[in-house]
Protein chains: 2
Amino acid sequence: MRGETGFQTGECPDVLVLFGATGDLARRMIWPSLFHLVRDGLLPETVRIVGVGRKPLDPADFRVQLDASLRNFLPDDVIDAKALHALLERVEYAHAAVTADDQFDAGNLPALLQTCGRVLYFLSVSPTHYGAICRGLGAAGLVNAASRIILEKPIGHDQQSGRAVNAAVAEVFGEQQVFRIDHYLGKETVQNLAALRFGNALFEPLWNKNAIDNVQITVAETVGVEGRWSYYDDAGALRDMVQNHLLQLVALVAMEPPQSLDPDAVRTEKVKVLRSLKPITAADVASRTVRGQYAAGMAAGNAVPGYNQEEGARGNSHTESFVALRCEIENWRWAGVPFYLRTGKRLQSRRTDIVIQFKPVPHNIFAIDNAALPANRLVIRLQPEERITLEVMGKQPGLSGIRLQPMQLDLSLTDAFGRVRSRIAYERLLLDAIKGDNTLFVRRDEVEAAWHFIDGIQQCWRQTGEAPRAYPAGSWGPSAAIALAERHGHSWYE
Amino acid sequence: MRGETGFQTGECPDVLVLFGATGDLARRMIWPSLFHLVRDGLLPETVRIVGVGRKPLDPADFRVQLDASLRNFLPDDVIDAKALHALLERVEYAHAAVTADDQFDAGNLPALLQTCGRVLYFLSVSPTHYGAICRGLGAAGLVNAASRIILEKPIGHDQQSGRAVNAAVAEVFGEQQVFRIDHYLGKETVQNLAALRFGNALFEPLWNKNAIDNVQITVAETVGVEGRWSYYDDAGALRDMVQNHLLQLVALVAMEPPQSLDPDAVRTEKVKVLRSLKPITAADVASRTVRGQYAAGMAAGNAVPGYNQEEGARGNSHTESFVALRCEIENWRWAGVPFYLRTGKRLQSRRTDIVIQFKPVPHNIFAIDNAALPANRLVIRLQPEERITLEVMGKQPGLSGIRLQPMQLDLSLTDAFGRVRSRIAYERLLLDAIKGDNTLFVRRDEVEAAWHFIDGIQQCWRQTGEAPRAYPAGSWGPSAAIALAERHGHSWYE
């Protein structure tokens, strides 16, 4: 590994080089994020922006394309002609490509970057190209101790391939120079969770097996595979969603208080959680996991086909489009507390949330007027809106007895205008990478620890060889997923 | 003692007999409360109401007086001619009095009550008459096992006299039949505090010396002695306010979770707290107490005289109009947690609140952006408005670092119309006495335990013989009261 020190936090790159500049993700997320940063004056003016595509293109033509794309993807009330112009005039274009024999053709990139000391690369391309691009950039002399690289996509498809990708990147970039994105970590609410846990003395004494009954993480999508059947079929829900997004949320919820907000202090606590996940084995895979695959059903009021009837589907695939897990974390804080995870496509509603379900009161002294007292709950919602709510019981005003009633306390601050613009998670992440702060990026050992846990499950599934359970599009997944929690006296939060 | 069983909870009296029916408290609080209960349909229709005064009066004349008084003391938007009529037509009048030689002249009361099985007496008269009235009612055959008695005023002026009053009452009424009012206990917020503590699993694990730094109870008045100099001068702030109101609030905050809401279960927990108060001794009276007396100053923008210049003042009194205490509760839950109490007249603002000041976070990981993190706080406000607020830190929305900002979470439920009519505490207490539920009334042993603690302080003060410290009207009391808390690193909540 070289360049372990990178440049110091706060040192700003001279240029941001975006590979995959004309790709879908770039058009939907990255360019709009750059627009917002420019509009809000947050992107230092010294930072040049170079879009990289496979084909040679006149920079002026690229800017015209980009202008149209931004106008398409940005909400009308956000578009600001001045800011748009300010962004576009900073944008250059270069062509470079990975060839069929996995070599890197640097195209005109070296010429464009020759005067640049500090380059921040952003690879918004298939992770199968990460190795070739990194090696190619290194060979072309385009990497030094002041370079950084953002990796957008999941790293590998199991521990072995993940290690291989990381190793290839590490031949050229030191770990401190690598910024692996999990865009869930860029959500405002995820950072507010840290603020609540560690900025208040109230929550930490409750944040353990004594007070918490179970934790639930749901990432529910209403969409199907959306024309990406072939890509998705190679992965499945476990690899595509759980390995990265859901396990990252588990790590954030469950981690010990870090010594500081230093990136490595935080990520060391996260990796400890991932390594404490109790392995799922052949003996308990049937009781701790549920695989599902959507059958024909409804979505947004329309009839939709089943997974194996989607456009591009090849025969009778057993890939899961839904997975539910009962995880356990083997440490003193969490022993015995189930972490229920579920994610799937074609579910009833689009929703991402983390639910901290507290234990019920040990003894109900209000039983005469309140036969059952709902237990407290902290709901951290990431989608569709970002919000944190604490559910507590209060006294109903009135003179007869003490009747309790649930209250929802909103723990989300709003801005000076009484609202929060829902920022694109990439805005935060881009800005942090520009500043060189990799707290919110996934460290190599985290990726590999997550794959280790996931590989164990995949192996059990391969051994049993069972087909995933069918669930109708528009439902909450197979009924076995309900049973997974109910069997232990728990219920999914609706 | 007789009639220990009384009648069962839920059994309704046939008649409410109000002694002191033309007095100040009755006109300001009790009759308006009865009006609200009648208007809201909460006072059972079978309950007759007999006002008792010293002088014979035609019942019709009394009703005319009462009508005028209600119209005077009720807010205009509350007066409802139909409800007013409904109340007045239920009201009768009797005369009865304590004579100069402390005998009870039952007047025409026996005649009025002869057909009544279950009588609820309400003594809104000087506590020096309690014994004579009780004995007189007993001698006249007006008390049986189904009678109840509400005692409005503080019981005695020290432990010995308090015991004497309680003993005189107990000659005639069993303890279950006695309802000693402390009107602070009728506040909605005080009951909401119990709902929050015992209806949620969140608060109890924090409710102890590990999480709580100190507790502060402030009962601040802006008024002076208001023409009652002579009465007040016999008592002083410690006896007039601390012995009853402030110590009752201490007991509610500090009590262990009761086994049930059964009146004696709750009151047994409260008396345990009062008996655990660490006595204030000659050795620490100077460091744990502050006595003050207001000097001339300002109130509501007007110049006002000092305590010893008030109308009716006799010379150079050393009675305190302000007191601040640092109390400690000697049990496992609270050892080492200061309970700061203060109350006074002619203070800067009218305010009654209980502040639970939590400890600061043990380690601030946000120090770069947040040098100091204010500690969490639960503020239970009883006056001027009723409200419970939890102060926590949340993340300021935004992309740069994690900046924390205080949030105030409102823990008070509102009614169906999104608001809470601030009820008179007596409404709740009257209704509970009518139902026979004495949970919110002070038990004999509580009164005597409170006097025991207070007597210890009075004795120390007598021994030192120091004059109270002067403070200007309109201030927050003597500066020594500030020092009382600051000396231990604490600050009064403002």
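The values are calculated or read from the model by the stated rules, or taken from the named source; none is laboratory data. Bear in mind that the values here come from a model prediction, so they are computed numbers and not experimental data. Note that each Cβ is placed from the backbone with ideal geometry, even for glycine, and that neighbours are counted across all protein chains shown.
State all residues of the range A:172-188 that are more than 9 Å from chain B (Cβ to nearest Cβ), within 13 Å of the chain's Cα centre (by Cα) and assigned to a helix (DSSP H, G or I); if no residue qualifies, say none.
Matches in the range A:172-188: A:H183, A:Y184, A:L185, A:G186.
Considering A:L431, A:L382, which residue is farther than 15 Å from B:L411 by Cα, at the interface with chain B (Cβ under 8 Å from one of its Cβ atoms) and at pLDDT 90 or above?
Result: A:L431 is the single residue among A:L431, A:L382 that is farther than 15 Å from B:L411 by Cα, at the interface with chain B (Cβ under 8 Å from one of its Cβ atoms) and at pLDDT 90 or above.
I'm checking my understanding of the structure. Among residues of the range A:116-132 that are crowded, with 17+ Cβ neighbours inside 10 Å and closer than 26 Å to A:D455 by Cβ, which one is modelled with the lowest pLDDT?
A:P127
What's the total number of residues in the range B:154-182 that are polar (S, T, N, Q) and within 17 Å of B:A132 (Cα to Cα)?
Result for the range B:154-182: 2.
Within the range A:73-104, which residues are over 16 Å from A:R39 (Cα atoms), in contact with a strand residue (DSSP E or B) (Cβ under 8 Å, 6 or more places away or on another chain) and not β-branched (V, I, T)?
A:E92, A:Y93, A:A94, A:H95, A:A96, A:A97, A:F104 - these are the residues of the range A:73-104 that are over 16 Å from A:R39 (Cα atoms), in contact with a strand residue (DSSP E or B) (Cβ under 8 Å, 6 or more places away or on another chain) and not β-branched (V, I, T).
How many residues does the range B:269-305 contain that are free of Cβ contacts under 8 Å to residues at least 12 places away in the same chain and of a type in the set (F, W, Y)?
0
List the number of the failed condition for B:G136; all other conditions in (1) modelled with pLDDT of 95 or more; (2) closer than 26 Å to B:H452 by Cβ; (3) not acidic (D, E) hold.
Against the list (1) modelled with pLDDT of 95 or more; (2) closer than 26 Å to B:H452 by Cβ; (3) not acidic (D, E), B:G136 comes up short only on (2).
Answer with yes or no whether A:G398 is free of Cβ contacts under 8 Å to residues at least 12 places away in the same chain and not hydroxyl-bearing (S, T, Y).
Considered against the rule, which asks whether it is free of Cβ contacts under 8 Å to residues at least 12 places away in the same chain and not hydroxyl-bearing (S, T, Y), A:G398 comes out as yes.
Across the range B:380-391, what is the total count of residues that are under 18 Å from A:I388 (Cα atoms) and either among the acidic types (D, E) or surrounded by 20 or more Cβ atoms within 10 Å (Cβ to Cβ) (or both)?
2
List pairs: first in the range A:462-476 and surrounded by fewer than 17 Cβ atoms within 10 Å (Cβ to Cβ), second part of a helix (DSSP H, G or I), Cβ under 7 Å, 6+ apart or cross-chain?
A:T464/A:V285
Can you find a residue that is at the interface with chain B (Cβ under 9 Å from one of its Cβ atoms), surrounded by fewer than 23 Cβ atoms within 10 Å (Cβ to Cβ) and within 24 Å of B:G401 (Cα to Cα) anywhere in the range A:392-410?
Looking through the range A:392-410, at least one residue is at the interface with chain B (Cβ under 9 Å from one of its Cβ atoms), surrounded by fewer than 23 Cβ atoms within 10 Å (Cβ to Cβ) and within 24 Å of B:G401 (Cα to Cα).
Test of understanding: among B:L430, B:L440, B:L413, which residue is touching a Ser or Thr at 6+ places or on another chain (Cβ under 6 Å) and of a type in the set (A, V, I, L, M, F, W, C)?
Step by step, each of B:L430, B:L440, B:L413 is checked, and only B:L430 is touching a Ser or Thr at 6+ places or on another chain (Cβ under 6 Å) and of a type in the set (A, V, I, L, M, F, W, C).
Among the listed residues A:G162, A:G136, A:G156, A:G141, which satisfies the condition of being surrounded by 21 or more Cβ atoms within 10 Å (Cβ to Cβ) and on the phi > 0 side of the Ramachandran plot?
None of the others qualify; the one that does is A:G156.
So B:E221 ticks every box in (1) within 14 Å of chain A (Cβ to nearest Cβ); (2) of a type outside the set (K, R); (3) within 17 Å of the chain's Cα centre (by Cα) but one. Which box is left unticked?
Single failed check for B:E221: (1).
What single numbered condition from (1) within 25 Å of B:W334 (Cα to Cα); (2) assigned to a strand (DSSP E or B); (3) touching a helix residue (DSSP H, G or I) at 6+ places or on another chain (Cβ under 6 Å) fails to hold for B:I150?
Evaluating B:I150 over (1) within 25 Å of B:W334 (Cα to Cα); (2) assigned to a strand (DSSP E or B); (3) touching a helix residue (DSSP H, G or I) at 6+ places or on another chain (Cβ under 6 Å) leaves (1) as the failure.
For the range A:367-379, enumerate the residues that are at the interface with chain B (Cβ under 8 Å from one of its Cβ atoms) and surrounded by 22 or more Cβ atoms within 10 Å (Cβ to Cβ).
Passing the criteria: only A:N376.
Going through the range B:349-364 one residue at a time, which ones are surrounded by 18 or more Cβ atoms within 10 Å (Cβ to Cβ), over 16 Å from the mean Cα position of the chain (by Cα) and more than 14 Å from chain A (Cβ to nearest Cβ)?
Selection gives B:V355 alone.
Using the structure shown, decide if A:N308 is free of Cβ contacts under 8 Å to residues at least 24 places away in the same chain, farther than 27 Å from A:L249 by Cα and more than 14 Å from chain B (Cβ to nearest Cβ).
yes
For (1) more than 30 Å from A:A132 (Cα to Cα); (2) modelled with pLDDT under 90; (3) of a type outside the set (A, V, I, L, M, F, W, C), each residue gets a yes or a no:
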site	(1), (2), (3)
A:V47	no, no, no
A:V52	no, no, no
A:A60	no, no, no
A:I79	yes, yes, no
A:D101	no, no, yes
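Inspect the range B:252-260 for any residue being within 14 Å of chain A (Cβ to nearest Cβ) and among the small types (G, A, S) and give the result as yes or no.
Yes, the range B:252-260 has at least one match.
Here are the criteria: (1) crowded, with 22+ Cβ neighbours inside 10 Å; (2) of a type in the set (S, T, Y); (3) out of contact with any helix residue (DSSP H, G or I) (no Cβ under 7 Å at 6 or more places or on another chain). Tell me which single one A:T289 does not satisfy.
Every condition holds for A:T289 apart from (3).
Looking at B:G136, B:G53, B:G117, B:G131 in this structure, which one is within 22 Å of B:G23 (Cα to Cα) and out of contact with any helix residue (DSSP H, G or I) (no Cβ under 9 Å at 6 or more places or on another chain)?
Testing whether each residue is within 22 Å of B:G23 (Cα to Cα) and out of contact with any helix residue (DSSP H, G or I) (no Cβ under 9 Å at 6 or more places or on another chain) leaves just B:G136.
Any idea which of (1) farther than 30 Å from B:R314 by Cα; (2) in contact with a strand residue (DSSP E or B) (Cβ under 7 Å, 6 or more places away or on another chain); (3) not aromatic (F, W, Y) is the one B:Q293 doesn't satisfy?
(1)
What number of residues within the range A:230-262 are farther than 30 Å from A:E204 by Cβ and either of a type in the set (K, R) or crowded, with 18+ Cβ neighbours inside 10 Å (or both)?
Residues that pass the stated criteria total 7.
Could you say whether any residue in the range A:195-216 is touching a strand residue (DSSP E or B) at 6+ places or on another chain (Cβ under 9 Å), away from every other protein chain (no Cβ under 14 Å), part of a strand (DSSP E or B) and at pLDDT 95 or above?
Within the range A:195-216, one or more residues are touching a strand residue (DSSP E or B) at 6+ places or on another chain (Cβ under 9 Å), away from every other protein chain (no Cβ under 14 Å), part of a strand (DSSP E or B) and at pLDDT 95 or above.
What is the one condition in (1) within 13 Å of another protein chain (Cβ to nearest Cβ); (2) over 25 Å from the mean Cα position of the chain (by Cα); (3) surrounded by fewer than 19 Cβ atoms within 10 Å (Cβ to Cβ) that B:G336 does not satisfy?
The single condition B:G336 does not satisfy is (1).
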